Every structure is written in C-alpha cells, then in structure tokens.
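The values are calculated or read from the model by the stated rules, or taken from the named source; none is laboratory data. Since the model is a prediction, treat every value here as computed from it, not as a measurement. Note that each Cβ is placed from the backbone with ideal geometry, even for glycine, and that neighbours are counted across all protein chains shown.
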Amino acid sequence: MQSTAQRSLFDFLSLTRAMQLYQLLRLGSVILTSILLAKSSLSVSAIGSYEALLFIGSTAAFFWANGLLQGIPPVYARLEEDTRKAFLFTVFWVFTAIALGLFSLLWLGQGWLVPALTGLPEVPGFGWFCVYLFFNLATLPVEYVYLLQGRPGELTNWGMLSFGLFVLAMALPVYAGFGLMGGLIALAVLGALRFLWMLRLLVQHSSVEWRPDLLRQYLRFSTPLVLNLMVGNLVILFDNWLVGWYYQDEGLFAVFRYGSREFPLAIALATALGTALLARIATEPEAGLAELKTKTRRLFHLLFPLTMFMVWVAKPLFPLVFSPAFADSAGLFQIYLLLTISRVLLPNTIVVAKGRPRIILLVGLVELIFKVVLGFLFIHWWGLVGVAWSAVIAFFIEKIGLIVYLERRLKIPTSEWLDWRWYLGYSLALVVVFFCT
C-alpha cells in the first residue's frame with residue numbers, strides 16, 4: 001500500500017503541475033549551468049562559445065519542434081486506442097528524421113552556417129554539439145508519452161534526471177580540467193543515453209506501423225501551430241543573431257546572453273494559465289473570461305512583486321551569482337524583466353479559444369517587422385541596451401494588436417478578462433522601481 005506521504009505527493013503532482021515543474025526544471029538547468037560555467041576557470045571567450053552553441057541549437061529547433069509537440073495531444077485524443085500506438089511510432093520517427101536532416105545540414109554546412117547564425121568564424125566543439133543536438137531533438141516527444149498516458153510521476157522523474165544530468169555533464173568535466181570540449185563530449189554521451197531510453201519507450205508503448213494517413217493528419221493539424229511559433233521565436237532569436245553579427249565578439253555575445261533573460265517563473269505560470277483556460281473560454285465564454293480575469297489578477301499579485309524585487313537586486317547580485325566579468329549583464333537583465341508587463345496579458349488565449357489562430361500569425365509578423373527595424377536602429381544608437389529595449393517594445397506591440405482585434409472584431413471588451421486597475425498599478429510600480437535603481 002502507498003504511504004500517506006506517497007499519496008500526498010501523487011495528489012500534488014497533477015499533470016498540469018508536473019508539466020509546469022518540467023518546464024521550470026528545463027529553464028533552471030540552463031540557468032544553473034550558466035552560473036556554474038561563469039564560476040569556473042573557463043574564459044569569457046569559451047563561455048561565449050558555449051552560449052553560441054546553445055543559440056545554434058535553439059535556432060535549429062525553433063521553427064518546428066514546439067509546434068509539432070503541441071500538435072501531439074489533440075490528434076492523439078481523437079484516435080482509437082489501437083491506432084494511438086501507430087501514431088506514437090509515427091511521431092517519434094518524424095522527430096528523428098527531422099533531427100537527422102538538421103544534423104546533416106549543420107555538419108556539412110558548418111563552414112557557412114556558423115558565421116551566418118552567430119557572426120563568429122567558428123565555434124569550438126561544434127561537431128560534438130551537433131551529435132548532442134541530434135539525440136536531444138529526436139527524444140523531445142518522450143515527455144508527451146508520459147503526459148498522454150497520465151503519468152505525472154514519471155514525467156517529473158524524467159525531467160529531474162534529464163536536466164540534472166545535463167548540468168552535471170557540462171559542469172563536472174569543466175571543473176575537472178577538461179574544458180568546454182570535455183563538457184560537450186559528455187553532453188553527446190548523455191544524448192545517446194536519452195535516445196536509448198526513447199527506443200525502450202517505443203518498444204513498450206507503440207507499434208511498428210507506418211501510417212501515411214496519420215502522418216498527414218498530424219502535419220495538417222500542426223502546421224498552423226508551427227507557423228505561429230516560428231514567427232514568435234524569430235523575434236527572440238533575432239536579438240542573439242544581431243548581437244553576434246554586429247559585434248563579432250565572443251565576450252560581448254556572452255555578456256548579452258547572460259543578461260537577455262526573462263523572468264522564467266512569469267513565462268511558465270502565464271503560459272500554463274492560458275493553456276489551462278482554453279477549453280473553458282471556448283465552451284463557456286462568459287464564465288471562462290471571468291475566470292481568466294480572476295486568475296490573472298492573482299498572477300499579478302505574485303509575479304509583479306517578485307519582478308520588482310529582481311529588478312532591485314539585479315546589479316549587486318549578478319557579479320556574485322555569475323562573476324564580475326558579467327556585471328554589465330545586470331542592466332540588460334533589468335530591461336528584459338520589464339517583459340513581465342506584456343507576458344501577463346493573455347489575449348492570445350482568447351483568440352485561439354475563439355478559433356482565430358491566423359490573426360496571431362498576422363500580428364506576429366507585424367511584431368517581427370517592428371523587432372527587426374527597431375533592433376537595427378537601436379543597436380546602432382544605444383548598443384546592447386538598445387537591443388533589449390527593442391524586445392520590450394516589440395512584445396508589447398503584439399499584445400496591443402491582439403487586444404485591438406478582440407475589441408473591434410470580436411467585440412470582447414478588455415474589462416471582461418483583465419483587471420485594468422491592478423494591471424496598470426502594478427505596471428507603473430514596476431517602471432518606477434526600474435528607473436529608481
């Protein structure tokens with residue numbers, strides 16, 4: 001029999017909480033690794049090479065991975081039980097095929113792709129990172145197997161093991177004196193172990209059956225999601241590319257990467273809230289909008305005070321948490337924390353619930369145009385600080401565009417889903433704290 005503690009833990013780990021925890025573990029592992037590398041004997045240039053590799057990995061995945069992942073649950077839920085096993089097999093091998101294609105492209109085209117993506121002539125350890133990237137991209141659907149089968153405990157364990165080993169694989173070789181190359185080789189070995197685990201899951205939970213009809217259904221459903229996310233991620237990735245291209249300096253690239261971070265708790269909680277209320281708003285619009293208004297207000301009470309605190313302590317904290325070499329990153333981080341003002345606005349959720357995903361793509365394209373134009377202008381006028389401010393403005397333009405669409409086209413007053421008084425009050429307070437630090 002399960003103990004009381006075990007039952008309590010099982011009750012706490014709902015699928016929603018498990019997914020939130022999984023995302024926090026993912027973000028936390030990247031941040032912790034950055035801290036450990038900054039505290040190590042690696043030079044700023046070597047850390048810049050690591051950050052450049054992470055940027056290449058993000059670029060390789062941004063235009064397809066999240067969209068295809070988000071398309072898995074809806075398609076899976078509509079299938080008969082016996083068809084679901086064939087569908088899982090199809091999904092895993094779609095990811096493996098795309099990962100293999102990207103690996104080949106990066107490996108064979110590294111002579112021109114690395115300069116094009118980072119602005120750097122070459123990045124040490126690129127080959128080993130490509131091996132890790134292949135295995136990592138191919139195994140992305142593992143988390144969704146646990147999600148679809150209602151296994152929050154296994155999902156949490158997978159996250160703790162995967163991301164915990166990621167930190168150890170990078171940190172231990174570096175601190176043992178094997179340098180950045182040792183860490184990248186360890187990551188490649190970790191990726192291979194993850195791939196073996198995926199094959200084990202395939203044997204247990206799928207049937208080896210290639211179904212073109214399932215492939216077409218899956219891709220047809222996922223394509224709009226892929227396009228929406230592609231535009232949104234281009235906005236984020238553009239900043240990294242612009243800094244690498246404009247300065248062509250590994251040290252400055254590392255300083256920018258360490259500072260250009262949003263508040264991870266704001267991203268995770270706001271995204272989870274929007275996803276959880278999609279169905280409610282679609283089926284019960286009035287009640288769903290009222291619930292969105294109530295729960296976003298609760299989110300304000302948590303996220304805005306925490307963000308203000310982070311703004312206040314960023315400058316003295318950054319040299320202590322990372323190293324004095326990254327003191328200049330603190331000012332950039334403070335600016336990126338202002339993105340909380342736009343992140344907590346959730347008009348995207350209402351637009352999707354109303355069955356209008358195309359408008360998100362159109363608004364996203366407008367946002368991208370603004371980001372590119374402002375990015376080139378601001379980096380020329382104000383340097384790295386200008387890049388940060390262009391991101392804050394571009395993200396806010398997206399939210400304003402969707403709010404205007406809801407007001408004018410769908411006739412949904414903003415007051416029905418947003419508590420203006422608390423939102424404006426907290427936003428003003430955050431801006432005041434920013435300019436007073």
query = Can you pull out the residues in the stretch 235-262 that are buried (at least 19 other Cβ atoms within 10 Å of the Cβ), under 21 Å from residue 338 (Cβ atoms) and not β-branched (Val, Ile, Thr)?
reply = 238, 239, 240, 242, 256, 257, 258, 259, 260, 262
inquiry  = Here are the criteria: (1) modelled with pLDDT of 80 or more; (2) within 26 Å of residue 146 (Cβ to Cβ); (3) surrounded by 15 or more Cβ atoms within 10 Å (Cβ to Cβ). Tell me which single one residue 200 does not satisfy.
reply    = (3)
query = Would a scan of the stretch 75-85 turn up a residue that is at pLDDT 85 or above, of a type outside the set (Asp, Glu) and buried (at least 19 other Cβ atoms within 10 Å of the Cβ)?
reply = yes
message = Tell me yes or no: at least one residue of the stretch 288-303 is at pLDDT 85 or above, under 19 Å from residue 394 (Cβ atoms) and touching a Leu at 6+ places or on another chain (Cβ under 8 Å).
response = no
query = Would you say residue 231 is part of a helix (DSSP H, G or I) and touching a Leu at 6+ places or on another chain (Cβ under 6 Å)?
reply = yes
message = I'm trying to understand the selection: among the residues of the stretch 412-430, which are hydrophobic (A, V, I, L, M, F, W, C), closer than 16 Å to residue 396 by Cα and surrounded by 14 or more Cβ atoms within 10 Å (Cβ to Cβ)?
response = 418, 430
request  = Sort out which residues of the stretch 363-391 are without any contact (Cβ under 8 Å) to a residue 24 or more places away in the chain, among the hydrophobic types (A, V, I, L, M, F, W, C) and either closer than 17 Å to residue 234 by Cβ or surrounded by 14 or more Cβ atoms within 10 Å (Cβ to Cβ) (or both), and write them in order of number.
outcome  = 369, 373, 374, 378
